[in-house]
Amino acid sequence: MPSDLNRDEWVAALPRAFVAGFVKTDKELQERAQTSGTTVTFVIIEGWVISVASVGDSRCILEPAEGGVYYLSADHRLEINEEERLRITASGGEVGRLNTGGGAEIGPLRCWPGGLCLSRSIGDMDVGEFIVPVPYVKQMKLSSAGGRLIISSDGVWDALSAETALDCCRGMAPDAAAAQIVKDAVGHKGLRDDTTCIVIDILPHDKLPVPLPQPKKQGKGVLFKSMFRKKPCDSSSNVEKEYIEPDMVEELFEEGSASLSERLDSKYPLCNMFKLFMCAVCQVEIKPGEGISIHSGSSNPGKLRPWDGPFLCSSCQEKRDAMEGKRPSGRRCDSDSD
């Protein structure tokens with residue numbers, strides 16, 4: 001956490017920081033001419049607040065102690081996301097199935113050029129730039145009873161529903177639960193797709209972790225558990241303040257727009273993480289008069305003016321224009337890869 005922000009300011013700034021970080025990472029991979037991309041499900045847990053940013057078809061689900069299932073990520077497969085299909089075609093891309101000749105089409109819907117089945121990812125440089133890295137972001141606040149997170153790649157979710165994944169590992173410690181979920185997914189009709197899984201238990205202060213069924217060496221599962229365990233408060237007054245707040249599961253924030261103009265809008269907290277004369281994406285310093293407003297060229301600026309910030313450097317402005325279909329990209333190439 002930045003030293004000049006308090007906890008509430010930092011949590012409020014995370015949605016915008018996620019967007020800037022995802023786009024900056026994609027831009028850096030593009031500059032390095034790396035063409036192999038990835039889906040991303042990124043989770044930050046601060047106290048009882050869970051913040052998730054996602055692109056692609058990996059997923060994160062939450063089961064609070066009170067019960068029920070919350071989906072904290074979006075599925076950006078073209079097959080099931082009509083809104084994303086419309087965005088891509090409006091930006092100059094084409095959506096269709098693989099044509100094997102003679103008019104026969106097979107497989108899932110793909111974006112052309114490139115043939116990717118997803119509308120969003122990071123680092124897929126052999127497809128059009130309308131395959132964007134702008135993440136869907138959701139923030140939830142747990143009650144003090146805690147809950148369980150499951151973060152898995154698409155191979156798990158192609159085989160198991162959220163309820164099945166939670167039920168098959170109920171009562172297990174996080175590392176054993178993750179192994180059980182992968183085992184059940186791989187065993188489902190001989191599935192051999194990507195099947196990675198992380199399980200995280202967010203526990204009340206007075207509740208001990210579930211004991212392991214047998215002694216094991218400390219490995220990655222234990223490391224993740226300790227990384228994401230709630231940090232102790234600095235003083236008793238902070239503890240008292242936390243427990244007088246409404247103790248219930250609450251949805252704090254949700255946004256999935258692919259538009260940088262909307263996601264980096266000044267309605268989000270600037271705090272000290274987003275200084276006025278720094279690029280809102282790559283954080284390079286911009287001299288007064290050199291930055292380009294994210295509202296420049298907007299067809300529906302509302303009450304905002306083109307000279308209102310935040311601002312982008314010229315490189316990030318070019319990236320935004322390519323993502324929104326306002327100019328052809330000269331740095332990505334056509335490919336028939338998946």
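I'm checking my understanding of the structure. Among residues of segment 112-152 that are crowded, with 22+ Cβ neighbours inside 10 Å and of a type in the set (D, E, K, R), which one is nearest to Asp8 (Cα to Cα)?
Per the criteria, the residue is Lys138.
Quick check on my filter: what residues within segment 39-49 are more than 17 Å from His205 (Cβ to Cβ) and of a type in the set (A, V, I, L, M, F, W, C)? Spell out the reasoning first.
Our first condition is that a residue be more than 17 Å from His205 (Cβ to Cβ); within segment 39-49, this holds for 39-44.
Within segment 39-49, Val40, Phe42, Val43, Ile44 qualify.
Exactly one condition in (1) outside the structural domain of Gly37 (by the TED database); (2) of a type in the set (D, E, K, R); (3) part of a loop (DSSP other than H, G, I, E, B) is false for Asp158; which is it?
(3)
Could you tell me which residue of segment 25-40 is farthest from the chain's Cα centre (by Cα), considering only residues that are touching a residue at least 60 places away in the same chain (Cβ under 8 Å) and not in a loop (DSSP other than H, G, I, E, B)?
Here the residue is Gln30.
Among the residues of segment 41-67 satisfying the criterion of being assigned to a loop (DSSP other than H, G, I, E, B) and in contact (Cβ under 8 Å) with a residue 40 or more places away in the chain, which is surrounded by the fewest Cβ atoms within 10 Å (Cβ to Cβ)?
Taking the candidates together, the pick is Glu66.
Would you mind telling me which numbered condition in (1) under 27 Å from Cys197 (Cβ atoms); (2) within 21 Å of the chain's Cα centre (by Cα) Ser144 fails?
Status for Ser144: all satisfied but (2).
Please find, among Ala104, Ala162, the residue that is under 23 Å from Thr196 (Cβ atoms), aliphatic (A, V, I, L, M) and out of contact with any helix residue (DSSP H, G or I) (no Cβ under 6 Å at 6 or more places or on another chain).
Numbers: Ala104 fails: under 23 Å from Thr196 (Cβ atoms).
Step by step, each of Ala104, Ala162 is checked, and only Ala162 is under 23 Å from Thr196 (Cβ atoms), aliphatic (A, V, I, L, M) and out of contact with any helix residue (DSSP H, G or I) (no Cβ under 6 Å at 6 or more places or on another chain).
If the Cβ limit is 6 Å and pairs must be 6+ apart or interchain, which residue in segment 277-294 that is more than 18 Å from Ala13 (Cβ to Cβ) pairs with which residue that is modelled with pLDDT of 85 or more and among the polar types (S, T, N, Q)?
Ile292/Gln317
Quick one: in segment 1-38, of everything that is of a type in the set (Gly, Ala, Ser) and over 20 Å from Asp265 (Cα atoms), which residue is surrounded by the most Cβ atoms within 10 Å (Cβ to Cβ)?
Narrowing segment 1-38 to residues of a type in the set (Gly, Ala, Ser): 3, 12-13, 17, 20-21, 33, 36-37.
Add one more test, that the residue is over 20 Å from Asp265 (Cα atoms), and what stays is 3, 33, 36-37.
Details: Ser3: 5, Ala33: 8, Ser36: 10, Gly37: 22.
Per the criteria, the residue is Gly37.
Can you confirm whether Ala12 is at pLDDT below 95 and either out of contact with any helix residue (DSSP H, G or I) (no Cβ under 7 Å at 6 or more places or on another chain) or outside any loop (DSSP other than H, G, I, E, B) (or both)?
yes
The values are calculated or read from the model by the stated rules, or taken from the named source; none is laboratory data. Treat the numbers as computed from the prediction; the structure is a model and nothing was measured. As a convention, Cβ positions derive from the backbone with ideal geometry for all residues, glycine included, and neighbour counts pool all protein chains shown.
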